[in-house]
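The values are calculated or read from the model by the stated rules, or taken from the named source; none is laboratory data. These figures come from a predicted structure and were not determined experimentally. Here the Cβ positions follow ideal geometry from the backbone for every residue, glycine too, while neighbour counts run over all protein chains shown.
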Number of protein chains: 2
Amino acid sequence: MTVRDVVARNADSYIGWLREACAIPSLAGRPEDLDRMTQWLEARFDDLGADVRRLTYEGAPDAVLARMGGGPKRVLVYDHYDVQPVDPIDLWESPPFEPTIKDGVFFARGAADNKGDLVARLAALDVYREVYGDLPVQVKFLVEGEEETGSKSFEGIATRYAGDLAADGCIWEGTGIDHAGRPELVFGAKGLAYVELISRGLNDDQHSSVAVIAPSPVWRLVEALATLRTPDGRVLIDGFYDDVVAPSEADMELLRALPFEEEAERTRLGVETFVGGDTGIDLVRRYFFEPTCNIAGIVAGFTVPGASKTVLPKEALAKLDMRLVPDQDPADICAKLRKHLDERGFSDIEINTNLSMEHPVRSPADSAIGKAAVAAAHGVFDQEPAISPMMIGTGPMYPVARGLGIPTVSPAGVCRPDSNIHAPNEHCRVDDFLKIVEYTVAWLRAFAEDDA
Amino acid sequence: MTVRDVVARNADSYIGWLREACAIPSLAGRPEDLDRMTQWLEARFDDLGADVRRLTYEGAPDAVLARMGGGPKRVLVYDHYDVQPVDPIDLWESPPFEPTIKDGVFFARGAADNKGDLVARLAALDVYREVYGDLPVQVKFLVEGEEETGSKSFEGIATRYAGDLAADGCIWEGTGIDHAGRPELVFGAKGLAYVELISRGLNDDQHSSVAVIAPSPVWRLVEALATLRTPDGRVLIDGFYDDVVAPSEADMELLRALPFEEEAERTRLGVETFVGGDTGIDLVRRYFFEPTCNIAGIVAGFTVPGASKTVLPKEALAKLDMRLVPDQDPADICAKLRKHLDERGFSDIEINTNLSMEHPVRSPADSAIGKAAVAAAHGVFDQEPAISPMMIGTGPMYPVARGLGIPTVSPAGVCRPDSNIHAPNEHCRVDDFLKIVEYTVAWLRAFAEDDA
């Protein structure tokens, strides 16, 4: 029997596993459900013959480490078992933790992010055993429970259990399948420095007649913000670009081969032009290799549309999210922001850095695991893969890819652009789920057979 | 009997009138209570022997016009019978519409703004009759019911009933008594152009990873705002100062005589320096004669402090309140703002001008009514009056002082800086209320006896 035959024959059983996994509301703040989820994983891994243990870390839900297979080659597989909150709950067409299949689509919180991939990979171990017998490589599953709240303990876990996690390659949480059905692969992630700028300057809100003599904390914040960025997106924080590594010629080749449909993207976003007026390869280069300084939110004073309250607000808040690229360092960027503001006389503007911080990271595309993931994608999917040097979003890949020095790839996964991850009616297609089972077997096989 | 004696003897009765007036919740949106209030006024004026009629205007609560007295001289008295909303209701120590006297202080919504002055003036007519007999001047009370929601119909009312309102001088709603007990008088009001700037640019909020290529409506708003004002408060809208009339030498004399306690004001506000680093007469000049461009509010995207949602917001809103000085015109200022933004490439920023607009206005300090109000203040109060050319706030004085060409003064009233107008536990002091009765008789007498 071929892999595809076995997957088809066992499909109901694997979909049943996904139902079980998605029925558990493994949300931050629900320690009992998070623990139920780890127990479910332990039972599944146990059935698959794995050696299972919990990795503990103060203040974090336990991570699960499951080891199976043998031989000199070792692959680490990263997933997470926690899911996003479900609000706004009213917009769900079926309850988020009562998995529902409709017209070949599996609806549940976690279906796409990331239980779909996780369960498909468990199923792949079962298929592998049935089709090929024992695993000829060591496979280590690392499944954490804190990803959706920023993986705050992940670097600590990776450091503490470095010896147990050592591997020759790492398969990250799946990227997805693009809108045209192309399997996506990426070899890194942007980083993030998320900070709040807080401008205070008055004891209380004042009637705005006083604004003529009393300095305004809101104007002050606007003036400070205006020093941070040019209208064409260039960040003006002194030294912001110091550590940015330009794309190599190999990177540019990947970018040139990457399908990027400008017109469709412009229509989707509802914009006339892109930042800086970029088009073509310049736009794609910007998308993957430029850092940003985005205002995720700003608030001060009276904000009811259409009403005329006249107030001089006592304080103002801006939330900046800065996506970083290798080798920018979030702590260094925060220090540079502080210095930049101080040097321009804005030392009164507070910076809260006690928010999300992630290192950007890249991994080589030509590692054994990278080549196995790409080769398997060519073999399993009908369409050519879309390969990016780095994802435009952020993930906690740094502690593994850089901290432990393990070449890492995020391969195709069940997530499509319209899967509604982090939103109501999250879903994955059942046929995508089964395809990812097949693909996982394929890259395991490719990695095992590679002579590198 | 002296005026003071009569006021003292009838005090309980006049306080009773104030109780009755403040027990009626004459709030915008409560047409029955607004009508009850006009009926109460009609009855009071009727008792005082006035000829009373209602001035109607489409969509506005009826205004009350009450005429009494005789002789060639005519004085118009402006007040309003509507009050501010009571929220936050939980912070009231006694119910806002159950007047409560405690330690000589009268608590109720409207006690200070503006029923305290209005009732004190009614009481003064009663006292005048008792002490001096018939009024030797024509007195016309104009009491409107829409002041707290922007007097939208007041210009229309003033125009429609111009003949009935014609007068040689106008006494406006009282200014107040300052923190040192000095009676305050002003001869004008700043204007207001309140607008919203709205920046839209995306179909929907986007994950902030897209911010590297998709233009940000929030950044665009910040960039537009940054063109409007220098850090030292100078407004950069092209032509903003074109129609500003500089203070005369007489104005500067008034300002130099005006008590302004910088240190106390700095402490109250909690600021280290004033706008532009001004002190002394420069500061006082700025306070009364400079217009502003204040940000009353700004909002976009995700605004929860301490959390890290990464979003590229699809739109942003800023609320600007611009206090104007004579002879700036709100409509002209809005047109100049539009042109300013257009010329700098911000024609995509929408401006909503369908909000509060008021003309600034000044009236001569040496008119007969002005001199009567000042002279009476010298006679009645223990302390020297604090005389300003113009109030720093805004009021609908323009249609009378400019539209009808009637010299106007806003004299001392019951309102103190700590009277909590527009806030919970609004109050006036009972002795201030009685003092304003006495003061009203005094300026009526001074106006009647003046030979000008």
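Listed values, structure above:
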quantity: Tabulated pairs, segment B:39-51, first under 14 Å from B:Leu65 (Cβ atoms) and surrounded by 12 or more Cβ atoms within 10 Å (Cβ to Cβ), second modelled with pLDDT of 95 or more and hydroxyl-bearing (Ser, Thr, Tyr), C-beta under 7 angstrom, 6+ apart or interchain; calculated: B:Leu41/B:Tyr81
quantity: Residue within segment B:46-59 that is out of contact with any Pro (no Cβ under 8 Å at 6 or more places or on another chain) and closer than 28 Å to B:Ser419 by Cα present; calculated: no
quantity: Matching residues, segment A:233-246, being in a loop (DSSP other than H, G, I, E, B), within 14 Å of chain B (Cβ to nearest Cβ) and within 24 Å of the chain's Cα centre (by Cα); calculated: A:Gly233, A:Phe240, A:Tyr241, A:Val244
quantity: Filtered residue count, segment A:395-424, keeping only those that are surrounded by fewer than 24 Cβ atoms within 10 Å (Cβ to Cβ) and under 21 Å from A:Gly181 (Cβ atoms); calculated: 6
quantity: Restricting segment A:299-312 to residues that are under 22 Å from B:Val311 (Cβ atoms) and free of Cβ contacts under 8 Å to residues at least 40 places away in the same chain, the residue that is farthest from the other protein chains (Cβ to nearest Cβ); calculated: A:Val304
quantity: Candidate set: segment A:98-109, residues that are touching a residue at least 24 places away in the same chain (Cβ under 8 Å) and surrounded by fewer than 18 Cβ atoms within 10 Å (Cβ to Cβ); chosen: the one farthest from A:Ala11 (Cα to Cα); calculated: A:Glu98
quantity: Scan of segment B:194-204 for residues that are at the interface with chain A (Cβ under 7 Å from one of its Cβ atoms) and assigned to a loop (DSSP other than H, G, I, E, B), ordered by number; calculated: B:Gly201, B:Leu202, B:Asn203
quantity: Selected residue [farther than 28 Å from B:Val275 by Cβ, modelled with pLDDT under 95 and more than 7 Å from chain B (Cβ to nearest Cβ)] from A:Leu185, A:Leu269, A:Leu254; calculated: A:Leu254
quantity: Residues of segment A:281-298 classified as within 21 Å of B:Leu202 (Cα to Cα) and more than 7 Å from every other protein chain (Cβ to nearest Cβ), total; calculated: 4
quantity: B:Gly276 being touching an Asp or Glu at 6+ places or on another chain (Cβ under 9 Å) and part of a loop (DSSP other than H, G, I, E, B); calculated: no
quantity: Output for segment A:31-58, where each listed residue is within 16 Å of A:Val86 (Cα to Cα) and under 22 Å from the mean Cα position of the chain (by Cα); calculated: A:Leu34
quantity: Qualifying residue in segment A:205-215 (condition: more than 30 Å from A:Lys339 (Cβ to Cβ), away from chain B (no Cβ under 11 Å) and of a type outside the set (A, V, I, L, M, F, W, C)); calculated: no
quantity: For A:Val437: the one exception among (1) more than 18 Å from A:Gly110 (Cα to Cα); (2) over 19 Å from the mean Cα position of the chain (by Cα); (3) crowded, with 21+ Cβ neighbours inside 10 Å; calculated: (1)
quantity: All positions within segment B:177-211 that are closer than 28 Å to B:Asn420 by Cβ and among the acidic types (Asp, Glu); calculated: B:Asp178, B:Glu184
quantity: Test: B:Arg129 is surrounded by fewer than 23 Cβ atoms within 10 Å (Cβ to Cβ), over 20 Å from B:Pro61 (Cβ atoms), at pLDDT 95 or above and away from chain A (no Cβ under 14 Å); calculated: yes
quantity: Failed criterion for B:His179 (all others in (1) surrounded by fewer than 22 Cβ atoms within 10 Å (Cβ to Cβ); (2) facing chain A (nearest Cβ under 10 Å); (3) not hydroxyl-bearing (Ser, Thr, Tyr) hold); calculated: (2)
quantity: Extreme residue, surrounded by the most Cβ atoms within 10 Å (Cβ to Cβ), among residues of segment B:350-362 that are part of a loop (DSSP other than H, G, I, E, B) and within 14 Å of chain A (Cβ to nearest Cβ); calculated: B:Pro360
quantity: A:Glu223 being within 30 Å of A:Phe346 (Cα to Cα), within 11 Å of chain B (Cβ to nearest Cβ) and not polar (S, T, N, Q); calculated: yes
quantity: Any hit, segment A:219-230, residues being part of a loop (DSSP other than H, G, I, E, B), more than 27 Å from the chain's Cα centre (by Cα), free of Cβ contacts under 8 Å to residues at least 60 places away in the same chain and exposed (fewer than 14 other Cβ atoms within 10 Å of the Cβ); calculated: yes
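Results for (1) charged (D, E, K, R); (2) not assigned by TED's automatic domain parsing to the domain that holds B:Asp332; (3) not in a loop (DSSP other than H, G, I, E, B), shown as yes or no for each residue.
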residue: B:Glu253; (1), (2), (3): yes, yes, yes
residue: B:Ala264; (1), (2), (3): no, yes, yes
residue: B:Arg285; (1), (2), (3): yes, yes, yes
residue: B:Gly297; (1), (2), (3): no, no, yes
